[in-house]
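Throughout, read-outs are computed from the coordinates displayed, never taken from laboratory work. Predicted, not measured: the structure shown is a model, and the values here were computed from it. Positions of Cβ are backbone-derived with ideal geometry, glycine not excepted, and every protein chain shown enters the neighbour counts.
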Amino acid sequence: MFRGKFSTLVFLLCGAAYCHAASGLELITDAEAKLPSAYLENKRAGLTRGPGIEVASPSTEAGREAVALKIGFKPRGGVVIDPKTVKVQYMKEPVVDLTERVRPYISDTGIAIDAARVPAGEHQLRVQVGDAEGRVSSKLIQFKAQ
């Protein structure tokens, strides 16, 4: 595997042997999408020593048929990412934990789902990841499915 600054981007663009086809994955159900929003403001936080989180997709406007979820994790200070710490939550009231649904698509380099079904509408996910030293980072992902 490539090492260095662009390894995450290479992974996201080229794919990896462990990537799964996710055409059958229902990431968000209709019932979950109808729950009240627990919308969070995407504020820029201070500097963190935790892992970096880079979102390649979805962009703010996602497709109609399926959404690609491509998120890269970037280790900091040479500390290894711990894939067991990854959490994916749908920001509704109550918060919907999507972690077990996406677990097969999580690795130490990121999350790679080619096509996940989501209902039309606006969605907000929170992705959290930690490293071997217990440092944690999170990022809000907002997108609109057609």
Determine which aspartates and glutamates satisfy two conditions relative to residue 144: a Cα distance under 20 Å, and not lying fewer than 8 residues away in the same chain.
26, 30, 32, 41, 54, 61, 65, 93, 97, 114, 122
Run the numbers on the stretch 70-146 and let me know its relative contact order in percent, using alpha-carbon pairs under 8 Å that are six or more apart.
35 percent
Could you rank the peptides 78-91, 118-131 by their average count of other C-beta atoms within 10 Å per residue, with the highest value first?
118-131, 78-91
Kindly state, to the nearest 0.05, the FRET efficiency for residue 84 paired with residue 59, given R0 = 30 Å and r defined as their beta-carbon distance.
0.60
